[in-house]
Structure formats: structure tokens, C-alpha cells
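This report refers to the structure that appears directly beneath it.
The values are calculated or read from the model by the stated rules, or taken from the named source; none is laboratory data. All values reported here derive from a predicted model rather than from experimental measurement. In this analysis, Cβ positions are derived from the backbone assuming ideal geometry, glycine residues included, and neighbour counts consider all displayed protein chains.
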Amino acid sequence: MKKKRMNLNEAYWASRYREDKTGWDLNRISPPLKEFIDQLEDKTLKILIPGAGNAYEAEYLVSKGFEDVHVLDIAKEPLQNLRLRVPFFPEANLHNIDFFKFQDTFDLILEQTFFCALPREQRNLYARKMNSLLKNNGKLVGLFFNIEFEKEGPPFGGNKEEYLTYFSPEFNIELLENCRNSIPPRQGNELFFIFKKN
């Protein structure tokens, strides 16, 4: 008998936050993204964090003086959590919407446990959508899992070769390599990447 596919919609993710079933949440910015952000000099970059969850990356960016940070999530709960931690975060930059319906353009998009939360059949669509959300020469930067999980996701795993099939048509692959500064539980199981819009 075929297993019924989980409906990973707004209600599903909202319930995960309400029930505190957020095992992906680090309670802080991930070290690889912190290191990447720390070397950025242009504080006027327009930055998007999609599927942002509690958005510690956005909180960190704002604390470092970045002026145009946008956060997107299909569930409103994590966006409310960000506003509680950062009351001055601009309301207009909080986007409670389905990623695939969102329209805008950015200089930089940060990926942190969003791609792995999407069903595999949406991966090509994700790559194309990311391309459309970036300005010319814009970059998509972040982390992918480099592991297959035993349990059906989310998270959904994968590997470098698979990811290249989605992203090579849409981006110049500047970097896609084993992450050297993952948190200990993810050590050896993450890839850090920098993709530049074609």
C-alpha cells in the first residue's frame, strides 16, 4: 500500500511551532552563515531569508547594521517570534506567504534548512524560483544536507551530484563543498554553497 504523502502546508508548519516540534531550530545563527555575513561589507544589500523559521540570521544581520533584510515564512508563528525578539524589525519586511507565490528581487538570498523542508519534487521549482528572485549577479548562499535520512522527511536529504542537476542550469556554481564549520551534530553532513545568478 502506497504511503500517503504529508501535506506540508501552512497548517502543518504552524502546528510544529505551536507544539514546539522544531528540531531544526538552533536557537542561534548557524556558524557558517555567521562567518559569511561577517565578511560582507555592503550594509545596503537587499537580503531575503525564505522559509526563515525563527530567523536568527535576520536578527544577526540587523544587529550588524544591514538595512534591508526581508524574512519569509508560510507560518506566521516564527515571524511573530522574530518581532518579539526584535521589536523594531520592519513589519513590511515580514512576508507571511507561500515562497512560490512571492514576487520581488534581491541582491542576496540566504538558505538555512528551507530547501530540505520541501518535498523533493519541488526542488527544480525551488532552483528556478530562487533565480527569479535574484537581481542580475545576485547570489544564493547557504547550507544543504549531504546525507540521506533513514526516516521520511522533512527534513529531506540529498547529495552534491543531485543538487548540481537542479542548480547548474540556473546558476554559476561558485562554491559547493563540504562545510568545515557546521554545528557538531551536523559535522560532515552539510555542504556550504555560493551560487551566482546566470
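Take segment 126-163 and flag every residue that is among the aliphatic types (A, V, I, L, M) and either within 15 Å of the chain's Cα centre (by Cα) or loosely packed, with under 14 Cβ neighbours inside 10 Å (or both). Give the derivation first.
The first filter runs over segment 126-163 and keeps only residues among the aliphatic types (A, V, I, L, M), leaving 127, 130, 133-134, 140-141, 143, 147.
Scanning segment 126-163 gives 127, 130, 133, 134, 140, 141, 143.
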Could you please give the count of residues in segment 33-66 that are modelled with pLDDT of 95 or more and either of a type in the set (Gly, Ala, Ser) or over 21 Å from residue 126 (Cα atoms) (or both)?
21
Scan of segment 90-116 for residues that are more than 22 Å from residue 173 (Cα to Cα), touching a residue at least 40 places away in the same chain (Cβ under 8 Å) and not in a loop (DSSP other than H, G, I, E, B), ordered by number:
99
Out of all the residues in segment 71-101, which are in contact with a helix residue (DSSP H, G or I) (Cβ under 8 Å, 6 or more places away or on another chain), of a type in the set (S, T, N, Q) and at pLDDT below 95?
81
If you go through 171, 114, the only one that is at pLDDT below 95 and either surrounded by fewer than 15 Cβ atoms within 10 Å (Cβ to Cβ) or at negative phi (or both) is 114
The residue that is surrounded by the most Cβ atoms within 10 Å (Cβ to Cβ), considering only those in segment 46-89 that are closer than 17 Å to residue 35 by Cα, in contact (Cβ under 8 Å) with a residue 24 or more places away in the chain and of a type outside the set (A, V, I, L, M, F, W, C), is 57
